[in-house]
Amino acid sequence: MKLATRLLILAAFYSTITLKAQESTTISLDLGIKKYIGKVSKLQRNKYFGIQTSYTVNNLEKEAAFLFETLRSHPAKSFKGPETNGNLSKIQTNKIDDLAIELRKKNEENPIFSKYGNSDFLLTQKVPFKVYNPSANAEDEAFKMIEYIKNFFPKLPKYYEIMDEPYENINLFSGNSLEVKIQIASFYKTIAEIFEKELPEVKIGGYSTSRPLFELKDFKNWEENYKTFMDIAGEEIDFVSTKLYDELDKDTGTLNYCSGSNSEAVLDLMSTYSYSKWNLIKPYVISEYGLKVPDWEGTNFTSQYSTYTSQSLNNFVMSFLDKPNTIEKAIPYVLGKEEEFYLNTRKNPKSNPHPMAILRKERRGEYVYTDLVKFYDFWSDVDGDRVYISSNNPDIQVNSFYNKGKWYVICNNLSSKVQTLNFGFTNNDILRISNYTLRRLFADEEGILDLTEASTDLHIDQLDIDPNEIFMLICDVPDENPFATSIVEYSNYSKDYLKPIEANKPVSFKFSKVVTGKGKANLRVSFGRPIGSDMKPTIKLNGEYVLTPSNWAGYDQSNKSTFFGTFVVPIPMSYLKEQNEVTVSFVDNGGKLSSVVINTEIFSEDVENKNYVENNAPVFSSHGGNLLNISPAIECRAPKIVNSKGKVVKKLKFYSNGETIDISSLNKGDYILETSNGGSYKFKK
């Protein structure tokens, strides 16, 4: 390679690095450790990277090869379904069945279907009141649905979302009284029972609303909607479906982000309630995720629409990739051609151009790709087995996969600040990597989505990532099995949930049969509180204090009336037992603790590596027991060390906040650090 060419490539590669980054993050990673989440290690691409388009229509013939082969996407969702209810006569019903049979014949001849028909396609019944009304008979409607699906689809869809509430003005379920909600849930319970007997190949689920704002009205929104549906129909349905959107706040004109800590809290509450009710986690189908701004519909298209949408999609999918054992499917809110939206809504595409389409029609009638194609292009190569990776900053989402000599390290920045990422590659991995390729997806100076690539054979141990940027570091390694050991992640749930917060009153969550061993652990503490409330809870695990982080994934939610999110709290593995109690308290009243989850990552073999020791004990010894580490969060003067018999063995008269203390003179054993303000912290030398 010529020197000039090489310098240009290196300049492009390092263009993300600035001298004064605002924050620093440590990324720990090891190609020698294969990562399992539950029993899942391989990336299941068909779960996450679909396009909301039906393979039962012919309007993507020209683009199909590029979308479904080059970009490795797939047709994921259709709104086709029987528009029938108890008010239709038999003649009208027959006409609908005849139409389905006619469409089926077209589908059987459709080259897109025959070549790209996917085995886990989702069929959504878009407008619920076209199926349900108080006089409708659930058994009759179920058989009409079954016959329609059999007639319409040459190949049955894997999922049928029986109720979808896309807009506030047609919310059949959430817009009704509790009495009516119980009737509707019972109606769909019967439908699910009949599908299980007559068409078990199709999984039934619901209900889906535009965004589950559980925290509204002090969580009455959760109790009256999703909880009611799960209580009545949940036993019979195969999956719980929902939609997760970042949305524009109409009052403030700012984005109301669901991605980040809010979506984590939503899914943790659903999982915890499922576990408390059935001793298992009912899987999710996230039938749409991404950005939803209804005000954009009908306005002149701009490239910035694709930029904001892509950023939102990446925020969500990085989180969903961490839940392959509970997420059955997650479909991006991206249409194929924009007229598919109007086929379902009967709106005029000329006066209502849709911003979330991957193909849009220009004035001359020709179709062009929007920049949303870059989202799929960015992810198109990623495949293979999950590799161990972690970030010490909740605003930096990370995932990692290995496939056929390529190691994909993906980092996404949820924050509005530049972050310096310090990569903790092992020495063995550094020796094995022959080349680094940096693939970036980011907004340029004009806010237009840009996808770039550059390569180097120089070792990379630090990169800057811009606000709302995602990048992928592709490392070339020998094409061989790189794994020396493995780590398995477990989520341990409590049957306690949605507990009211009273000032200085500890709220208890109990856990049994927690998986422990050699590895690392954290608590996922989720709560909803009025904005302005205390956001730094006091947390104890089995009586031991753990330090509460001051940061969480994503933004501060200050443009909302209520914060609802998840704090991820690292905990010392030594604090955990098979039976555990977590207590959480705040200094003021208001809101509810929605869930607490204990997350453990257990190594299959004894692994000694500094990357995987993450202490969050307020006080702990290190360096062979010669040093005592005291967290700066413990503010006090002149603490003292007491032995197991209550005798003071060391006074720290001139202690400075956050200081590391020499305790080499102490004998091995158990001790307590007592502070001047009444704190008591156990540690072992």
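The values are calculated or read from the model by the stated rules, or taken from the named source; none is laboratory data. All figures in this text were calculated on a predicted structure; none of them were measured in a lab. Reconstructed Cβ throughout: ideal geometry from the backbone, glycine too, with neighbour counts over all protein chains shown.
Working only within segment 353-403, note down all residues that are closer than 25 Å to S306 by Cβ and either aromatic (F, W, Y) or part of a helix (DSSP H, G or I) (or both).
Y367, Y369, V373, K374, F375, Y376, D377, F378, W379 - these are the residues of segment 353-403 that are closer than 25 Å to S306 by Cβ and either aromatic (F, W, Y) or part of a helix (DSSP H, G or I) (or both).
Of the residues in segment 236-249, how many are under 18 Å from N221 (Cβ atoms) and of a type in the set (D, E, K, R)?
The qualifying residues number 3.
Can you work out which of the residues in segment 653-673 that are buried (at least 16 other Cβ atoms within 10 Å of the Cβ) and within 11 Å of I634 (Cβ to Cβ) is farthest from the chain's Cα centre (by Cα)?
Among residues in segment 653-673 that are buried (at least 16 other Cβ atoms within 10 Å of the Cβ) and within 11 Å of I634 (Cβ to Cβ), the one farthest from the chain's Cα centre (by Cα) is Y655.
Restricting attention to segment 422-442, does a residue exist that is at negative phi, surrounded by fewer than 18 Cβ atoms within 10 Å (Cβ to Cβ) and under 25 Å from the mean Cα position of the chain (by Cα)?
Yes.
Of everything in segment 445-461, what is farther than 26 Å from Y388 by Cβ and not in a strand (DSSP E or B)? Give them in sequence order.
Across segment 445-461, the qualifying residues are E445, E446, G447, I448.
Taking the stated definitions as given, is P467 more than 27 Å from T420 (Cβ to Cβ) and touching a residue at least 12 places away in the same chain (Cβ under 8 Å)?
No: the conditions fail for P467.
How about segment 273-330: which of its residues are closer than 25 Å to E489 by Cα and either without any contact (Cβ under 8 Å) to a residue 24 or more places away in the chain or in contact with a His (Cβ under 7 Å, 6 or more places away or on another chain) (or both)?
Selection gives N279, L280.
Of all residues in segment 223-242, which are under 16 Å from L269 (Cβ atoms) and in contact with a strand residue (DSSP E or B) (Cβ under 8 Å, 6 or more places away or on another chain)?
Residues satisfying the conditions are N225, Y226, F229, M230, G234, V240, S241, T242.
Okay, residues lined up against (1) farther than 24 Å from G554 by Cα; (2) in the same structural domain as Q462 (by TED's automatic domain parsing); (3) hydrophobic (A, V, I, L, M, F, W, C):
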{"residue": "A357", "(1), (2), (3)": "yes, no, yes"}
{"residue": "R360", "(1), (2), (3)": "yes, no, no"}
{"residue": "E366", "(1), (2), (3)": "yes, no, no"}
{"residue": "T370", "(1), (2), (3)": "yes, no, no"}
{"residue": "I389", "(1), (2), (3)": "no, yes, yes"}
{"residue": "Q397", "(1), (2), (3)": "no, yes, no"}
{"residue": "V418", "(1), (2), (3)": "no, yes, yes"}
{"residue": "N427", "(1), (2), (3)": "yes, yes, no"}
{"residue": "I430", "(1), (2), (3)": "yes, yes, yes"}
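If you take the residues of segment 631-678 that are of a type in the set (A, V, I, L, M, F, W, C), touching a Ser or Thr at 6+ places or on another chain (Cβ under 8 Å) and free of Cβ contacts under 8 Å to residues at least 40 places away in the same chain, which of them is nearest to S621 (Cα to Cα)?
Result: I672.
Give me a count of the residues in segment 627-641 that are over 21 Å from I539 (Cα atoms) and surrounded by 17 or more Cβ atoms within 10 Å (Cβ to Cβ).
Counting residues in segment 627-641 that are over 21 Å from I539 (Cα atoms) and surrounded by 17 or more Cβ atoms within 10 Å (Cβ to Cβ) gives 3.
Can you say whether F442 is touching a residue at least 12 places away in the same chain (Cβ under 8 Å), closer than 25 Å to D556 by Cα and not in a loop (DSSP other than H, G, I, E, B), as far as the supplied structure shows?
Details: touching a residue at least 12 places away in the same chain (Cβ under 8 Å): yes; closer than 25 Å to D556 by Cα: yes; not in a loop (DSSP other than H, G, I, E, B): yes.
Yes.
Could you tell me whether A185 is closer than 20 Å to E147 by Cβ, crowded, with 20+ Cβ neighbours inside 10 Å and touching a helix residue (DSSP H, G or I) at 6+ places or on another chain (Cβ under 9 Å)?
The answer is no for A185.
Right, K35: in contact with an Asp or Glu (Cβ under 8 Å, 6 or more places away or on another chain), surrounded by fewer than 14 Cβ atoms within 10 Å (Cβ to Cβ) and modelled with pLDDT of 90 or more or not?
Here the answer is no, as K35 does not meet what is asked.
Of the residues T566, T538, T485, T548, which single one is β-branched (V, I, T) and within 21 Å of the chain's Cα centre (by Cα)?
Working: T538 fails: within 21 Å of the chain's Cα centre (by Cα); T485 fails: within 21 Å of the chain's Cα centre (by Cα); T548 fails: within 21 Å of the chain's Cα centre (by Cα).
Answer to the check: T566.
Which one of these does V368 not meet: (1) surrounded by 22 or more Cβ atoms within 10 Å (Cβ to Cβ); (2) without any contact (Cβ under 8 Å) to a residue 12 or more places away in the chain?
Of the numbered conditions (1) surrounded by 22 or more Cβ atoms within 10 Å (Cβ to Cβ); (2) without any contact (Cβ under 8 Å) to a residue 12 or more places away in the chain, the odd one out for V368 is (1).
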